[in-house]
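Here is the structure we will look at, set down as structure tokens.
Bear in mind these aren't lab numbers, they're just calculated from the coordinates by the rules spelled out. Treat the numbers as computed from the prediction; the structure is a model and nothing was measured. Counting neighbours? That spans all protein chains shown, and the Cβs are built from the backbone with ideal geometry, glycine included.
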Amino acid sequence: MAIRPPGDGQNDFVVPDALPVLPLRDAVVLPLAAVPLAVGQARSVRLVDDVMRGNRLLALVAQRESKQDPGPDDLRQIGTVGMIHQLARTPDGSIRLMVQGIERIRLVDWVGTEPYLVARVSPHPDQVDQSTEAEALRRAVVDVFRRLVEASSELPAEVAIAAENLADPRHAAYFVASIVPLDAAVRQEILEMDPVSAKLRRLVDLLQRELAVRELGRKITTDTEEKLSKKQREYYLREQLKSIQKELGEEEGGGTEVAELRRRLDEAGLPEQAKREADRELARLAGLSAASPEHGMITTYLEWMANLPWNKLAGGTIDIHHARRVLDEDHFDLEKVKDRILEYLAVKKLRQERGDEARSPGSAATAVPAEPPHVTGDNPAREPILCFVGPPGVGKTSLGQSIARALGRRFVRMSLGGVRDEAEIRGHRRTYIGALPGRIIQGLRRAETRDPVFMLDEIDKIGADWRGDPSSALLEVLDPAQNHTFADNYLGVDFDLSQVLFIATANTLDTIPGPLRDRMEILTLSGYTDAEKVGIAQQYLIPKQLAAHGLAANELAFDADAIRQIVRGYTREAGVRSLDREIATIARKVARRLAEGQTDPVRITAARVVELLGRPRFIDEVAERTTRPGVATGLAWTPVGGDVLFVEASMMPGSEERLVLTGMLGDVMRESAQAAVSYVWSNAEMLGIDPKIFEGKTIHVHVPAGAIPKDGPSAGVTIMTALASLALRRPVQNDLAMTGEITLRGKVLPVGGIKEKVLAAHRAGIRSVILPRRNERDVEDVPEDLRRQLAFVLVDNAEEVLAHALPPASAPVTAGRA
Ligand SMILES: Nc1ncnc2c1ncn2[C@@H]1O[C@H](COP(=O)(O)OP(=O)(O)O)[C@@H](O)[C@H]1O
Ligand SMILES: [Mg+2]
């Protein structure tokens, strides 16, 4: 008796379409089992001879009844494909064979009956289920088999050990079924059962009975012959498991730990698939020694499963009025953004109400659509993901928190900055040492509910490399058609993300992968004016910092002037982060004085600010830098907000006329600088510039690298102005900044980021801004008080730029065109 090595499972063997059929009388060959057969009939001898000349494969099929020369109708439909391993001829002409069963087959059709039966066959694999029950049954079979072997004289002890070493329930079933003495009909019955667990159950039954026969001799009562009832069977299986555990010395520690995990898993309300997996792992855990490395891995896994919020929801229905109130409570102004959020929530509320109706399993009477409306493929109407785009400190994250509060949901944040590996989103397979779930599942565990507001922070900083593209994993996470069955590699089972409200944030849209961007609805937050910052500080930041430092409202107060002083002299930002920090510094100092015994309330004036924070850090840089010719103030858009930049042009004697560019090195930038230089050179006379001034000179233009403009060419007019200023030896007007692209012929073309740039200009103390005329409409986006404070000069061409930037009034050389 022999068995194929474990692991030699089904599916890796290709069953031929047609096979010669060897009818078996009073014998069944099970898959994986090696069985001796005697062949005497002439046509069977012929069959064996032919098979031995070929691939040695044949179909081994039992007869329904024992008779000579069975025809097609006398055979069972289910049999086994087998291979002849050994062959010995006896003097009387018959043959002794050793055949090896390989896999179950079904006879589909007859191909021929002469000189022997040949049938068309198809594979008929067993139904392998990975349930706890199959595993428990396997152990039960192996255990009772061992006892049977002990009680019997015919079966050698090795077969019990061999059975114990077969971890695969299917292997164990066929092995035991082929070794214990059974009627051919019973073996056939086991062969024909599809689920492996059914085979095992039948075997437990049979073996138990056989054991009872041996142990109790002939004194069997009628009820032991009856099938064990389900309850008894369960009891029996548990006893078996216990005895296995006892044998492995794990009854005490291991047993209670497993029981505790089982209890927690029961409470966690796992869905069907997850429950099956958890049960399977629990069963494995029960069979492992606490010292084995797998024990720890499985325990960690089950801890994760038990701690995930499979069925915990926090949010009820969406109340739009309440949401409005909360958003207003938490944030100053931002009216447009708040309106968009409320519209989004309103749509969500409607979808939720309608969608739930369609899905409700209780309302059997109503016609239930096959799928909820938003599940269909690329329905353009599917719910977008809100994405807040803007520089740091403008309230993107805190808006997300506020939405969570408005909905009564938990808030979790996951930073995507520097995430390059898909596994960070989706986790590593459990087979990796130290594997963990991905960050989505980690976030949900932190949320403790499965409907949190989940912020995907810095989605513009996501990367991709050889470890896979995390953005494609994210796409799946965000897709309502897919995310209700999100499969984390570590969990290995689906988790339903459909109730999660995802919100993204970014500093810039440029680096967000296209498909992700298409899924998002963009809400832009450009930054605040000084006046808005003062309002935010008074109404939100100061009260927050007072509370954080244990100060009462009457113990520390700020004058509006003081706040303005902090904004202008100590911060230089689009948002309010540094402002918040400086206010915290002052609060800390005041708290300390109060703690030291000072009792008078403190009022912070502009003068007090300098006393507490030191000399202002940001002086009037623009005025200072533009005192000499050759420097012009430009405006740049950057991911952290608008900024002013200073373009510096200088001239050096050189052997040939040459342009050297340093600082920012982008191609677009170089080209636009070239265009600016060409324009100034070729129009020198018209601009009042001595054409000889550039002769034999190397011109050096430096554009600071710190401010990377989004639109490379937008520094064109600034470079041109710096050059003209240098050539005319006249400084640029010192409260002026500009932006715009320039062509070789001196036309000024529109550029992007106007609002951010204007905010930055105002922050830097600029009074007037030169903009391309075709950007006129963008000026409407600029907050009104800034529009009143700043002068906008709309231009079509280079001459107009220079007329404003280098006014001829105090000019030593008056331009010819004036
Ligand atoms: N409009 C606003 N009203 C009230 N507080 C604000 C506003 N904008 C920003 N803040 C506050 O500024 C701080 C920084 O905001 P944060 O949300 O972290 O910015 P971001 O995520 O855009 O970088 C937070 O304390 C936030 O509450
Ligand atoms: Mg943030």
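Quick notes
- Label-point separation, residue 98 to residue 744 (7 Å along Cα→Cβ), nm: 9.0 nm
- On Cα atoms only, tilt of 335-359 relative to the major axis of the chain in degrees: 20 degrees
- The order of 388, 618, going from fewest to most other C-beta atoms within 10 Å of their C-beta, is 618, 388.
- Residues residue 264 and residue 767, FRET efficiency given R0 of 60 Å [Cβ-Cβ distance, rounded to 0.05]: 0.35
- Built amide H within the under 5 Å cut-off of residue 386, gap 5+: 504, 521
- Using alpha-carbon coordinates, inclination of helix 396-407 to the longest axis of the chain, degrees: 60 degrees
- Equivalent-ellipsoid semi-axes of the chain, from the Cα gyration tensor, Å, largest first: 82, 35, 23
- Highest-first packing order for the peptide set 31-40, 637-646, 794-803 is 637-646, 794-803, 31-40, based on the mean count of other beta carbon atoms within 10 Å.
- In this structure, the pairs whose alpha-carbon distance is over 27 Å, taken from 349/757; 338/533; 348/533; 348/396; 336/544; 199/275, are 349/757; 348/533.
- In terms of packing, defined here as the mean over residues of other Cβ atoms within 10 angstrom, the peptides 102-108, 502-508, 587-593, 266-272 line up highest first as 502-508, 102-108, 587-593, 266-272.
- Backbone HN-Hα couplings from phi across region 425-431 [Karplus 6.51/-1.76/1.60, Hz, Gly and Pro as x]: 7, 10, x, 9, 4, 4, 6
- Each Lys and Arg Cβ is given +1 and each Asp and Glu Cβ -1; about its Cα centre, region 427-514 then shows a dipole of about 400 debye.
- 138, 670 arranged by Cβ crowding within 10 Å, fewest neighbours leading: 670, 138
- Counting beta carbons within 10 Å around each of 74, 69 and listing the fewest first gives the order 69, 74.
- Spin-label model, residue 317 to residue 651: label points 7 Å out along the Cα-to-beta-carbon direction sit 7.7 nm apart.
- Label point 7 Å beyond Cα of residue 577 along Cβ direction - residues of region 620-641 with amide nitrogen under 13 Å: 639-641
- Here is the list for region 409-468: chymotrypsin sites (Phe, Trp or Tyr not before Pro) lying in DSSP coil, each with at most 15 other C-beta atoms within 10 angstrom of its C-beta, are 432, 466.
- Looking at the chain, the DSSP beta bridges with both ends there are about 55 percent antiparallel.
- Pairs of Cα atoms nearer than 8 Å and 6+ residues apart set the relative contact order; for the chain it is 7 percent.
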